[in-house]
Each structure stands twice: as C-alpha cells, then as structure tokens.
Amino acid sequence: MRDNLVVAKPIHEIVKKLQDGGFTAYIVGGAIRDLMLGREPKDYDISTSATPEEIRAVFGRRQARIIGKRFRLVHVRCGKDIIEISTFRRNPDDTGQIAGKTRQQPVPENMIFRDNEFGTAEEDAWRRDFTVNALFYDPVHDDLIDYTGCGIDDMHAGVVRAIGEAELRFEEDPVRILRALKLVGQYDFTFDAKTEVAVRAHGDLILHAAPSRLSLEMEKILKNAYCDGIFTAFHDYGFLQYCLPYLEANWNSPARTYAMQLLAERNSHVLQGRYRNSISLAMAVIALPFVEAEIGLGRHGKLWTKDYHTAANIRRIIKDVFQPHNMIKRLALSAQSILSFQPDFFNPDKTRSKLLHSQGYGHAREVLMLQNAVLWQDDSMVSTWPRPMPASRRHSRSNQKRSRRRKPQHKK
Ligand code: ATP
Ligand code: MG
C-alpha cells in the first residue's frame, strides 16, 4: 500500500487552478484507490466546491464544457483527455421520487431518482457508496481526507464497506451492488459482514435498475483489465444470474472455463501493454468458446464457410451470452467479425498476405494469439501471423494503392 500518492501533473494543475480560484478541490473516487494500491489510475475524477458555472469561469469556455441536464458536470479538456469535474453534492432529504412521474414497474420504496443537490465536501463524502470510494485527496497540500473515518483502514485491510445501512443504500440504488462486487473482483477485497449479507440477499434489486445504465456498466466491466475476477465475484456472490444469466447457466461448462482463461490472458496482455483494450475483443473472447461448442468454428472446426447461417448463429450466440444487455450494435458486429475471421487463419484457400492486410486483422490476430497462449502453445503461430502494421504505415500503403488505381481513370 502506497502512502505517497503520485498524481499525474496535469491533474495536479487542474486542482491547483481551482484552489487558486478560491475553491476547495480534491481528487476523488477510483483514482485514489488505484494510487494507494500502486496501480495506474485509468482516469481521474475531481470534486470541488465550485458550481459548474464557476468551474467554467476558472478554465474558460474553450477548455471547459458543462454537460448533463439533471446532473450537471463539467468536462475540462486536458491534452487528449477529458477530465470530469463535479460539484460537491449531498444526499437528497427524501427519496427523491419525482412528483408526477409515474413508473410502470413497482420499484423499491427507497429507490433514489434525484441526487443533484449541491453540498459540502463532507456531505459529498457521506453520499458516496463505499468507505474506500469516499477518500478525498488534495495533491497540492498532500492531504488525504477520510470523512467516514473508515476509508483508510478499509483500504489497508482490503474491505468493501457500505457507507450507512448497506441494505438501504442498495435499495436506494441497486447499481451499488454491482459496484461493490466490482471492487471485490478487481482488487481481491472482501466484504464487511453487513455489506456481504446485503449483497447476497438483494442481488435481484438490480432488475429494477435502468437497462441503459446497466448496459453502460457492462461495457465498463468489459473494458476493465480485471474483468475475469469481476465475473467470478459476480458468480461467487450469486449475482451473475441477474447480470449475465447465460454465463451463470453455463458456469460449470468447459466453454465457460475456457472463456475465463481467454479473458484472463487478454487482461494480462492489456496490463502489459501488449495489446490495446477493446470492448468488442473482450466480447469476442467470451463468446468464442460458446460459438465453438455450438458450431465448431476454430482451428479444427467443421464450419469453414462464411455462409449466412454461420454468421446468423454467431450473431445469436453473442446476443445470448450478453443478454439482457443491449450492447451497442457496433460492438456486437465487431465481435462477430472477429469470430468470423478465425477460421480464415486455417483456411488453405486464403492467402496469408491477403489476410495480413485485411481490415480487422489486428483484433482477429490478437484473439488467435490468446487461443494459442491458452491452448495450443504453437510458436510457429506467432511467426506466421505477425503483429499488424501500425495504422500510419497501413494508410500510406493503402493510399499508394489507391493512387495507383486512380491513375488510369484520370487519363480517360
Ligand atoms: P472506476 O475506477 O471504475 O472509475 P470509480 O469508483 O471511480 O471506479 P466512478 O463511476 O468513476 O467509479 O465513480 C466515481 C465515484 O463516485 C465513486 O468512487 C463513488 O465515490 C461515487 N459513486 C459512483 N457511483 C455511485 C453510486 N451509485 N452511489 C454512490 N456513489 C457513487
Ligand atoms: Mg472513476
């Protein structure tokens, strides 16, 4: 566990600029956890006493943009990245049921629909979900603030503890159950006793969460380089049945074991920087063993033709694996094309050079390499199928080709 937290320089500057403007500002959320655990934060969240308009005034309209209608945040441009800055909020006094709003499904009476009242830094900490998520860090003065009084100890002990009454907090917002299990899965944390009881007893509340929010959470999980651990935690605590029922129903199958092995391999490639993070690639990796189990696609597969039925079957299996989530069509199509590519690597009718320059070769090759690492361990595979050319070289090559093709047309 690190005690000196090293924050990226541009983030330090953003916090300082807010403080110089007369506001309180802290780094909050997942970045603090990652810094304390010595992991590279995937992004930073900043919270401040400044209102969205005041934040925009500090950074100027060119660098800062207010987003969201109900829950207003500010996006501040920082080089290539966008940093999200939120104003301190507090827990709503009531459960926030919006007057006049009728909902079709009965929902738990404590569910919160409004969470948008500004507050102090301390109030903001108490409205957060878990003690380890409520630590505030001021990098300018190197000050780590633990308003709940348990966050630092829980970080050291690796404990996920709901702030307040766990059951009530999960009723207010069932997505917190998923978030709790993500912490357990990705950091190998354990639950405090009351939080664990509530997680085990109330997993079904997630069925009340908005489908669009859940699909977004699923995309975030697939992008997480510890997602194999997260899915295992979902299963261990009886939550996977609500979140990915197909995977739960097949948990004891060889296909599921193989899917998790491939996913773990993909995650280690991402963490080592050997291949880029991609949601569609993660989807393809999870679906591949189920596709093979059903239609025999793959190295020794029987179906080599890209006929309509094979494509439709792959599409259906991907949908089955990820239902009830309505994954973005583009991601599902990309996962399908990665899988459809796999038999080509073993098809004697396909020339190697053609495949090397095919669109989608990079992702498809990565999935091939993952299978090779987990299953075949065949060195020749790596030399036969080299890393894809960098995009810049590929483009200049295709530009040359295009200009060669165009010349005769110009003469006409
Ligand atoms: P990640 O590393 O996945 O981004 P995170 O904890 O930073 O993890 P975010 O979704 O970025 O997750 O949320 C930032 C912070 O906002 C959390 O750490 C937590 O303090 C608070 N938060 C997010 N969602 C909720 C929620 N549903 N209820 C209460 N607090 C929440
Ligand atoms: Mg975050």
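The values are calculated or read from the model by the stated rules, or taken from the named source; none is laboratory data. Since this is a predicted model, take the numbers as computed values, not measurements. In this analysis, Cβ positions are derived from the backbone assuming ideal geometry, glycine residues included, and neighbour counts consider all displayed protein chains.
Could you please give the count of residues in the stretch 15-27 that are surrounded by 19 or more Cβ atoms within 10 Å (Cβ to Cβ) and touching a helix residue (DSSP H, G or I) at 6+ places or on another chain (Cβ under 8 Å)?
4
Please indicate, with yes or no, whether at least one residue in the stretch 75-94 is closer than 30 Å to V184 by Cβ, modelled with pLDDT of 90 or more and away from ligand 1 (no atom under 14 Å from the Cβ).
Checking the stretch 75-94: not a single residue is closer than 30 Å to V184 by Cβ, modelled with pLDDT of 90 or more and away from ligand 1 (no atom under 14 Å from the Cβ).
Inspect the stretch 342-365 for any residue being under 15 Å from A282 (Cα atoms), surrounded by fewer than 17 Cβ atoms within 10 Å (Cβ to Cβ) and modelled with pLDDT of 90 or more and give the result as yes or no.
For the stretch 342-365, residues under 15 Å from A282 (Cα atoms), surrounded by fewer than 17 Cβ atoms within 10 Å (Cβ to Cβ) and modelled with pLDDT of 90 or more: present.
With respect to R56, determine if the residue is surrounded by 18 or more Cβ atoms within 10 Å (Cβ to Cβ), within 16 Å of ligand 1 (Cβ to nearest atom) and either within 20 Å of R89 (Cα to Cα) or modelled with pLDDT of 95 or more (or both).
No: the conditions fail for R56.
If V140 satisfies all but one of (1) in contact (Cβ under 8 Å) with a residue 40 or more places away in the chain; (2) within 26 Å of P174 (Cβ to Cβ); (3) of a type in the set (V, I, T); (4) more than 16 Å from ligand 2 (Cβ to nearest atom), what's the number of the condition it fails?
Just one mismatch for V140, condition (2).
Please tell me if I14 is within 19 Å of L144 (Cβ to Cβ), more than 13 Å from ligand 1 (Cβ to nearest atom), outside any loop (DSSP other than H, G, I, E, B) and among the hydrophobic types (A, V, I, L, M, F, W, C).
Here the answer is yes, as I14 does meet what is asked.
I need a count of the residues in the stretch 140-171 that are over 30 Å from K17 (Cα atoms) and assigned to a helix (DSSP H, G or I).
Taking the stretch 140-171 as the starting set, the residues that turn out to be over 30 Å from K17 (Cα atoms) are 153-154, 156-171.
The next check asks that each one be assigned to a helix (DSSP H, G or I); those that pass are 153-154, 156-157, 166-171.
Here the count works out to 10.
Only one residue in I338, I328, I314 is crowded, with 18+ Cβ neighbours inside 10 Å and at pLDDT below 95. Which one?
I314
Of the numbered conditions (1) out of contact with any strand residue (DSSP E or B) (no Cβ under 6 Å at 6 or more places or on another chain); (2) of a type outside the set (G, A, S); (3) part of a helix (DSSP H, G or I), W251 satisfies every one except a single condition; which is it?
(3) is the only condition that W251 fails.
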